[in-house]
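Asker: Structure provided below as structure tokens; questions to follow.
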Amino acid sequence: MQLRLQRFQLTKAVPLAISRGTTATAEHLLVSLEHDGLTGIGETGGFETGHRHYDIDAVAAELEAVAPQLAALAPEPLQALEPLLAALSPPARCGLDLALHDWWGKRLNQPLHRLWGLDPGACVATSVTLGLGTPEAVLARLERWWLQLPATRIKLKLGSPAGIAHDLPLLEGVATALEQRRQQTGSACELQVDANGGWDLATARAMLEPLERAGVVLLEQPLAPLLDPEADSAGFAALHGESPLPLVADESCWRLADLLRLAPHVDGINIKLLKSGGLSEALLLAQTARRLGLGVMVGCYSDGALLNGAAAQLLPLVTWPDLDSHLNLVDDPFTGLTLEGDVLIPPAGPGLGINLGISMGQASC
Ligand SMILES: [Mg+2]
């Protein structure tokens, strides 16, 4: 199969601030695999989680380096490609894994969720994200979301470097706005909180009562992820027994081994394709988490609709969809991922079901 890489820019309509910094743009890679008259496409990019960092240039170099090996291989059976994929970083593996799944679904002329036996009618609303900022700015962002879609599930980012003095008034302001909306419209909004690892244990403990009082339904990644797996799990274990809210691991949970070590100490995991290295591991994570009685979130970084459309193939398995990044882009090059109200629909076209909507030109890496 022939590999082709093209870089493209993604620009946010509203920059997003979290505990680790602010993102306004991202450079991503379109990964195309052509074989036997069919082309599978995947998207990948660099990202960082506080304890691990992947640079787009390094991801592109990894993929360019395996192009000669891919030229001698076919995209099926997928199992035969596992040794090659296993040697790659998660984001490089993700780009190829998505393109291979897309090719496979196109060869069989079916969307992936159908090949997996999933029910596309079993999907629930996605959350939309509110970043860090002054209460006034964050509430203005909330109003903008409500102009775009029903937005009945809100994910509020906390864990500000400015500390609890920032987080508490912001939490209170958003909770008050949601209660006002409930009184005005008669429909309640769900409030989730993601600290992106911005709290220490004492701060996390101090926030539990205000979070519960604000009606928050889950707390995601309160503590910074740690490279030492035992120490990382110990942080969740310390909070789990005393937290009235479900705890969800994001930056700490990448692969099945992370899920298994964290399972006794969390109530759910946030799966992202760039962390898992694509759909093969993500499907395994989602199925295993459900069998273990855990909630499943599927999330995103600054991703376009190709990455989010790939993740949307898993939505029938997902308790807390969190795939809103493409809804905040002014130049998303992809089409095929649609909303009904605030429910994302798994694309029905073959493979990932996502198309390139605008030309990216001939530029390659
Ligand atoms: Mg998160």
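Asker: I'd like the full set of residues that are assigned to a loop (DSSP other than H, G, I, E, B) and touching a Gly at 6+ places or on another chain (Cβ under 9 Å), limited to the stretch 349-361.
Answerer: GLY349, PRO350, LEU352, GLY353, ILE354, GLY357
Asker: Return a yes/no flag: does the stretch 91-103 have any residue that is out of contact with any helix residue (DSSP H, G or I) (no Cβ under 9 Å at 6 or more places or on another chain) and under 18 Å from LEU274 (Cβ atoms).
Answerer: Checking the stretch 91-103: at least one residue is out of contact with any helix residue (DSSP H, G or I) (no Cβ under 9 Å at 6 or more places or on another chain) and under 18 Å from LEU274 (Cβ atoms).
Asker: Being under 24 Å from VAL193 (Cβ atoms) and more than 17 Å from the chain's Cα centre (by Cα) narrows it down to one of GLY336, GLY357, GLY341, GLY351, so name that one.
Answerer: Just a single option satisfies the conditions, and that option is GLY341.
Asker: Out of the stretch 121-151, which residues are within 27 Å of ALA206 (Cα to Cα) and part of a loop (DSSP other than H, G, I, E, B)?
Answerer: Across the stretch 121-151, the qualifying residues are SER127, GLY131, LEU132, GLY133, THR134.
Asker: Is it the case that some residue within the stretch 273-281 is touching a strand residue (DSSP E or B) at 6+ places or on another chain (Cβ under 6 Å) and more than 16 Å from the ligand (Cβ to nearest atom)?
Answerer: no
Asker: Is it the case that the stretch 287-294 has a residue that's without any contact (Cβ under 8 Å) to a residue 40 or more places away in the chain and within 14 Å of the ligand (Cβ to nearest atom)?
Answerer: No, there is no match, as no residue in the stretch 287-294 is without any contact (Cβ under 8 Å) to a residue 40 or more places away in the chain and within 14 Å of the ligand (Cβ to nearest atom).
Asker: Just to check your reading of the model, which residue among THR126, THR176 is more than 15 Å from LEU16 (Cα to Cα) and within 16 Å of the ligand (Cβ to nearest atom)?
Answerer: Among THR126, THR176, only THR126 is more than 15 Å from LEU16 (Cα to Cα) and within 16 Å of the ligand (Cβ to nearest atom).
Asker: Mind listing whichever residues of the stretch 152-195 are in a helix (DSSP H, G or I) and either of a type in the set (Val, Ile, Thr) or under 21 Å from the mean Cα position of the chain (by Cα) (or both)?
Answerer: Within the stretch 152-195, ILE164, VAL174, THR176, THR185 qualify.
Asker: May I pose another question? If you take the residues of the stretch 209-225 that are within 16 Å of the ligand (Cβ to nearest atom) and assigned to a loop (DSSP other than H, G, I, E, B), which of them is surrounded by the most Cβ atoms within 10 Å (Cβ to Cβ)?
Answerer: PRO222
Asker: If you don't mind, another one. Inspect the stretch 143-153 for any residue being open to solvent by less than 60 Å² (accessible area, probe 1.4 Å) and within 16 Å of the ligand (Cβ to nearest atom) and give the result as yes or no.
Answerer: Within the stretch 143-153, one or more residues are open to solvent by less than 60 Å² (accessible area, probe 1.4 Å) and within 16 Å of the ligand (Cβ to nearest atom).
The values are calculated or read from the model by the stated rules, or taken from the named source; none is laboratory data. All figures in this text were calculated on a predicted structure; none of them were measured in a lab. Cβ coordinates were reconstructed from backbone atoms using ideal geometry, including for glycine residues, and neighbour counts include every protein chain displayed. Ligands, DNA and RNA are stripped out before the accessible areas are found, and what is left, the full protein with its side chains, is counted by its heavy atoms. Shrake-Rupley method; radii C 1.70, N 1.55, O 1.52, S 1.80 Å.
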